[in-house]
Each structure stands twice: as structure tokens, then as C-alpha cells.
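Here's the structure we're looking at; comments come further down.
The values are calculated or read from the model by the stated rules, or taken from the named source; none is laboratory data. In this text the structure is predicted, and so the values were computed from the model without any measurement. Because the Cβ atoms are built from the backbone with ideal geometry, glycine has one as well, and the counts that use them run over all protein chains shown.
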């Protein structure tokens, strides 16, 4: 019985450690607010159409996985709020969004 209790306690501790490790990955997330536009047509940061946003400081971020709603809205004059992890590749900024919403 003591071995069973010790085994269960060890399993609970392991699950808790794994859950905390997964939760720590969101610490690199940032929230960006800017004008939505087409990656190619509006901002010229890509040869293919996509969704980008330009922040108040002039930086342009391209969403790695835009939704259909954002693809449809990219030519509208709207503000986009994105929360996600930012990365840089070949001098261009990308955001892997965990949350993206058009501001009204």
C-alpha cells in the first residue's frame, strides 16, 4: 500500500512539473496593436499575399497562420490586436499568433 501511495504521489508530481513547463512557454508572448494590411500589396514584405500589421513604431509583423477572417479583412482599414510569439527571419518579423482580433 505504501508503494502504491508513493507511486501515485510521484505520478502527480511528474504531471505537475510537465504542466508548469508547458505553461512557461507563453512567457515569450507579446501583444501587438497595429493597422492590418496585405503582406504583399500593402506593405511589400512578401511576394505572396498574407496578413501583416504595422505597429505605431513602424515595424511590420507578418502572421504565420492567418485565419480566413483576417485574410478577408486585410484590405479594410482596420486595427488588429495580436497576441503571440515574435520571431525574425531574414530581417523580417513574424508573429505566431495564439489570439488575433479585429478592433472595432
Inspect all residues belonging to the range 83-91 and state whether any of them is in contact (Cβ under 8 Å) with a residue 12 or more places away in the chain and more than 14 Å from the chain's Cα centre (by Cα).
no
Could you check, for the range 56-70, whether at least one of its residues is modelled with pLDDT under 95, surrounded by fewer than 16 Cβ atoms within 10 Å (Cβ to Cβ) and either in contact with a strand residue (DSSP E or B) (Cβ under 6 Å, 6 or more places away or on another chain) or part of a strand (DSSP E or B) (or both)?
no
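Consider residue 95 carefully, then state whether it is within 9 Å of residue 34 (Cα to Cα), out of contact with any helix residue (DSSP H, G or I) (no Cβ under 7 Å at 6 or more places or on another chain) and part of a strand (DSSP E or B).
Spelling it out, it is not the case that residue 95 is within 9 Å of residue 34 (Cα to Cα), out of contact with any helix residue (DSSP H, G or I) (no Cβ under 7 Å at 6 or more places or on another chain) and part of a strand (DSSP E or B).
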